[in-house]
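Presented below is the structure to which this report refers.
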Amino acid sequence: MVAPIKARPSIQDVARLAGVSLGTVSNVLNNPDRVKPETVARVTKAINQLGFVRNESARQLKAGKSRTVGLIVLDIANPFFSELARGAEDAATNERYSVIMGNSGEDLERESSYLSLFEEQRVGGVVISPIDDVSQTVVAMRNRGTQVVVVDRQVDAKIGCSISVDDMAGGRMAIDHLLEQGKRKIAFVGGPLDFEQVSLRFEGAKAAIKDSKTKATLKHIKTPSLTVLAGREAGDQIVASGKANWPDAVFAANDLVAVGLLQAFMFKASVRVPQDIAVIGYDDIAFAEAAIVPLSSIRQPAALLGATAVEMLIDEMESPATHKHRQITFQPELVARGSTQSS
Ligand code: RIB
C-alpha cells in the first residue's frame, strides 16, 4: 500500500509550530539578521521538523521580478554547449540569478516546449542557442513580457541581443591553415547546411579557396548531424573511396565530427594523420587537445559566449529603459596541433 502523499507544510504551519507570526517567519527566511537569534533558531527548528520548502517561484512571481534565467542549448552532448552553459551559469550566479537549463537536442518541438515552459514559469528571461531562425519568436515572447537573448547565432539588433562568433572568418581560417601546410585537395565534412553555423563555416571555406589563387579544390561531404558517429561514417566513406580519391585534408564543421574522422582514419584504417590526410575541427573543445592525434581546431570562446549572453539578458531585465540591443560577434582563433602539422 503506497502511503498517501502528505500536503506540503505551509508557512502557516511553521508559524504555528514556532509560535510566531507569519511576518516573523518571512523575516527569518528573507532577512534573518533583522530577527533575534533565538527566534531564528526556533523558526529554523520548526522548518526542519516540518520539512517546509519555501515556494521561491511564487515569491518571485508576487514580487514581479524573477531571478531565474531559462537556458536552452542545442545539444548538451556536445562539450561546446556544456562549456557555454558553464559560462552562462557563472555569470548568472555572480548577479545572484539562477539558471534552469533545457536541451533541445536539435528537435524543433522540444525547443518550442522549453520556450513555452520557461514563459509559463515566468522566468525573468531566456538565453537560447536556437536550431533555426527564432527572430519572430523573440519578438512574440518579448511582446508577452519575456526577454530573449540568442547565442551562437545572429539576430538583427533591432529585435534583440545576439552573441555569436564570426563563423565565416572561422571557415576561412581553417582553410588558410590547411593551404599553408601545402594541402590542396580539401573536403569540408559537416551538415546539415540549414544549420547557420555550418553554412557560414562552409561559405568561409569556399571564399578562402577562391581567394587563395591556388589550384586547391574543396569538396563537401554532407553529414546528417554534427556528431562523432556522423564523422566516423564520413571517414569510412572517404577511406572506402580508395587512396587515389582521398582528400589530403578535411575541415570538419565541429570537433565531434573531427574526432569521428580521426577514429575512422586511425583506428579502422591505416590512414596517417596529417601526412596522408590532415584534420582540422571547430570549437576547440577540451577533448581536442587530448585526441589520439592532438586536434587542430578553430576555437570559439564558448564560456564567454554564455556569460555575455546572460549579462546582456540581465541588463535588459533590470534596466529595460536604458538597455540597448546589441549584436555581439566574437572572433574565432586558430589552434594548430599535430593533426595538421607534421612535427
Ligand atoms: O552544435 C553545432 C555547432 O554549432 C557546435 O559544435 C558549435 O560549433 C556551434 O557553434
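The values are calculated or read from the model by the stated rules, or taken from the named source; none is laboratory data. Just so it is clear, the structure is predicted and the values come from calculations on it, not from any experiment. For neighbour counting, all protein chains shown are included, and Cβ atoms are generated from backbone atoms with ideal geometry for every residue, glycine included. Protein only, heavy atoms only, side chains kept; ligands, DNA and RNA dropped before computing areas. Shrake-Rupley method; radii C 1.70, N 1.55, O 1.52, S 1.80 Å.
Numbers below:
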read-out	value
Residue ID - nearest to the ligand (Cβ to nearest atom), chosen from residues in the stretch 193-204 that are touching a helix residue (DSSP H, G or I) at 6+ places or on another chain (Cβ under 7 Å) and of a type outside the set (D, E, K, R)	Gln197
Identity of the residue in the stretch 77-96, within 15 Å of the ligand (Cβ to nearest atom) and among the small types (Gly, Ala, Ser), that ends up surrounded by the fewest Cβ atoms within 10 Å (Cβ to Cβ)	Ala77
Of the criteria (1) more than 12 Å from the ligand (Cβ to nearest atom); (2) touching a residue at least 60 places away in the same chain (Cβ under 8 Å); (3) outside any helix (DSSP H, G or I), which one Leu178 fails	(3)
Failed item in (1) touching a residue at least 24 places away in the same chain (Cβ under 8 Å); (2) open to solvent by 10 Å² or more (accessible area, probe 1.4 Å); (3) part of a helix (DSSP H, G or I), with Gly204 passing the rest	(2)
Given (1) buried (at least 22 other Cβ atoms within 10 Å of the Cβ); (2) touching a helix residue (DSSP H, G or I) at 6+ places or on another chain (Cβ under 8 Å), index of the condition Met312 fails	(2)
Criterion: modelled with pLDDT of 95 or more and crowded, with 24+ Cβ neighbours inside 10 Å - qualifying residue of Val123, Val148	Val148
Hey, Glu233 of a type in the set (Asp, Glu), open to solvent by 50 Å² or more (accessible area, probe 1.4 Å), more than 15 Å from the ligand (Cβ to nearest atom) and in contact with a Gly (Cβ under 9 Å, 6 or more places away or on another chain) or not	yes
